[in-house]
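Visitor: What follows is a single structure, and I will ask about it in a moment.
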Amino acid sequence: MNAITNHLPTAELQALDAAHHMHPFTANGELAEKGSRIITRATGVTLTDSEGNEILDAMAGLWCVNIGYGRDELAEVAARQMRELPYYNTFFQTTHVPAIALASKIAELAPGDLNHVFFAGSGSEANDTNIRMVRHYWALKGKPTKSIIISRKNAYHGSSVGSGSLGGMSAMHEQGGLPIPDIHHINQPHWWAEGGDMPEEDFGLQRAQDLEAAILELGEDRVAAFIAEPIQGAGGVIVPPASYWPEIQRICDKYEILLIADEVICGFGRTGNWFGSETVGIRPDIMTIAKGLSSGYAPIGGSIVTDEVAAVIGSDEFNHGYTYSGHPVASAVALENLRILEEEDVVGHVKNVAGPYLKEKWEALADHPLVGEAKIVGMMGSIALTPNKAARAVFASDAGTVGYICRERCFANNLVMRHVGDRMIISPPLVIKPEEIDVLIERARKSLDECYAILQEKDLLKSA
Ligand SMILES: *Cc1c(COP(=O)(O)O)cnc(C)c1O
């Protein structure tokens, strides 16, 4: 076979891709007909595709390229580490400097007494660790019946059998026999879609109290933990009412339920603090991390746990681990990423510069005829597309029809914005500059206008 390089014609690369590459979360037959978009390089917030288009990546890849593309420092560190020690494991009483340094740095950055890190290769693996860890924790404390983990419908916690079970995506549960036993899902605090006539804050409280009702129904002696994203990401950037999280914390405290904050998206600055838990004011026992930990430059994830959880788990051999737990190259890259976040005050940039600037422009999109609510916290935002704002109506077409049309207009206008059903979401690199935010908003508005025109033309502006 000839070398496959960036210099091959797009059509040839697409044909090879269709012939051999199975894409995640994709109808691969359909994609083969259409041809996938081929990204060839990237710098800052801008991707370049094989046709030479320059695309503003308002999703930071998959919510992960927080420091932006093309940072040479990370490449240098990876090359240096590969030469010095490309691999060694952390099993069998051994360790290495990159894992030591990264765990120490994470402990320093994490709030409270979250001082211990169990490394994994991804967010999914880290949540699988959490399932085993919280159940084992209660077994070690003499309460082996406490094995149920409560999660939420429409949550996303990963795609492995365990983490996909924790997640509340019905489309995932339909395939492959999920969920595993002893996972229980309660309703999400999604006021726009499910709040009906209730005031937002009352609704937030009610949805939090669903946790208490579930604990009482299942029995306190059966429940091990509650897991949630501080702000739901893949579910559609759903910002809970302010009343929600304090009530969840109260309930976890009252019934001694371990609280797991899945910080895979919210962690490392995205919400304007180091962790989303700080933004929503909670004290988790365990945090799941991945994505922004390395800004996506290397695959790495982990679980940060409190002194107490670490002490209990450490009292016995934990029969769990991954070949790549604390991988030296990924750890070195993550450490360099954290150094950049800290030294360049990227979190402060989100909180004081880019965040407020984007918030103002993003919320102004709510004046567009297609946009119901426009929500944003730090660098994660969403808009609800609707045929009738006052009624918070959904479209008569199948969910996602309109969102897909809008996303295709964004692509055509060189903007990566994702759709979740008929909700449009963004999660740009944290280092985005105000002038780049202007471009993002201009392209988003143009795409919304074009989407609106298509809906008029196709008579798709009807409410369900
Ligand atoms: C992406 C994501 C995961 C899964 O991480 P992977 O690295 O894809 O396995 C888990 N939780 C949340 C909140 C995520 O957004």
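Visitor: Could you check how many residues of the stretch 7-59 are open to solvent by 90 Å² or more (accessible area, probe 1.4 Å) and in contact with a strand residue (DSSP E or B) (Cβ under 7 Å, 6 or more places away or on another chain)?
Guide: So the answer is 3.
Visitor: Within the stretch 287-299, can one find any residue that is of a type in the set (A, V, I, L, M), part of a loop (DSSP other than H, G, I, E, B) and in contact with a helix residue (DSSP H, G or I) (Cβ under 8 Å, 6 or more places away or on another chain)?
Guide: Checked the stretch 287-299: at least one residue is of a type in the set (A, V, I, L, M), part of a loop (DSSP other than H, G, I, E, B) and in contact with a helix residue (DSSP H, G or I) (Cβ under 8 Å, 6 or more places away or on another chain).
Visitor: Where in the stretch 66-179 are the helices (runs of 4 or more DSSP H), entirely inside, with at least 3 residues that are more than 16 Å from the ligand (Cβ to nearest atom), acidic (Asp, Glu) and open to solvent by 50 Å² or more (accessible area, probe 1.4 Å)?
Guide: Output list reads 72-84.
Visitor: What are the residues in the stretch 425-464 that are within 27 Å of Glu342 (Cβ to Cβ) and part of a helix (DSSP H, G or I), if any?
Guide: Matches in the stretch 425-464: Pro434, Glu435, Glu436, Ile437, Leu440.
Visitor: A further question follows. Testing Met424 on (1) of a type outside the set (D, E, K, R); (2) more than 25 Å from Tyr357 (Cβ to Cβ); (3) in contact (Cβ under 8 Å) with a residue 24 or more places away in the chain; (4) touching a Leu at 6+ places or on another chain (Cβ under 9 Å), one condition comes back false. Which one is that?
Guide: Met424 satisfies every listed condition except (2).
Visitor: State all residues of the stretch 365-407 that are in a helix (DSSP H, G or I) and more than 24 Å from Cys266 (Cβ to Cβ); if no residue qualifies, say none.
Guide: Within the stretch 365-407, Asp367, Thr401, Val402, Tyr404, Ile405, Cys406 meet the criteria.
Visitor: Another one. So Lys351 fits all but one of (1) among the charged types (D, E, K, R); (2) under 23 Å from the mean Cα position of the chain (by Cα); (3) at pLDDT below 95; what number is the exception?
Guide: (3)
Visitor: Kindly indicate whether Pro230 is modelled with pLDDT of 95 or more, open to solvent by 10 Å² or more (accessible area, probe 1.4 Å) and on the phi < 0 side of the Ramachandran plot.
Guide: So Pro230 fails the test.
The values are calculated or read from the model by the stated rules, or taken from the named source; none is laboratory data. Just so we're clear, the structure is a prediction, and the values are computed from it rather than from any experiment. A quick note on method: Cβ atoms are made from the backbone with ideal geometry, for glycine too, and the neighbour counts reach across all protein chains shown. What goes into the accessible areas is simple: the full protein's heavy atoms, side chains included, and nothing from ligands, DNA or RNA. Shrake-Rupley method; radii C 1.70, N 1.55, O 1.52, S 1.80 Å.
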